[in-house]
Amino acid sequence: TGHAYCYTHPFNWINAFNKNLKATHIHDNHGFIETDGDEHLLPLDGTLDFSSFITSIDNVGYTGSLMLEVFNSSSPVYSSYSPKEFIKLYNLKVK
């Protein structure tokens, strides 16, 4: 999600892969920002349209895993968090 949004938006890779989609790496960002590149934020912490993402994976019938690709060390938003604090932050978001 984040890689496509940051580097190839508005191309829809999910529709392009369609039934051949086998894996996901999900993260958010603010689109391409020259100074930060891809921020690897938690979903909904950036500006990616996740409702559109969910609609796309539903439309192609994807039933695989949804793998998060988020890092506290690669984003200035989370860099001050310890790993334990970062996980706690994520757990608050998914409840």
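Read-outs: derived from the displayed coordinates by stated rules, not from any lab. What you see is a predicted model; the values in this text were computed from it and never measured. No Cβ is skipped: glycine too gets one built from the backbone with ideal geometry, and neighbour counts run over all protein chains shown.
So here's what we get for this one:
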quantity: Using alpha-carbon coordinates, inclination of helix 50-59 to the longest axis of the chain, degrees; calculated: 30 degrees
quantity: Long-range amide H partners of I26 with built H, under 5 Å; calculated: M67, L68, E69
quantity: Separation of the N59 and K19 label points, Cα + 7 Å toward Cβ, nm; calculated: 1.7 nm
quantity: Cα-based shape type of the chain, given that a ≥ b ≥ c are square roots of the gyration tensor eigenvalues and the cut on a/c is 1.5; calculated: oblate
quantity: GNM top mover of D49, D38, D28 - the chain, alpha-carbon springs below 10 Å; calculated: D49
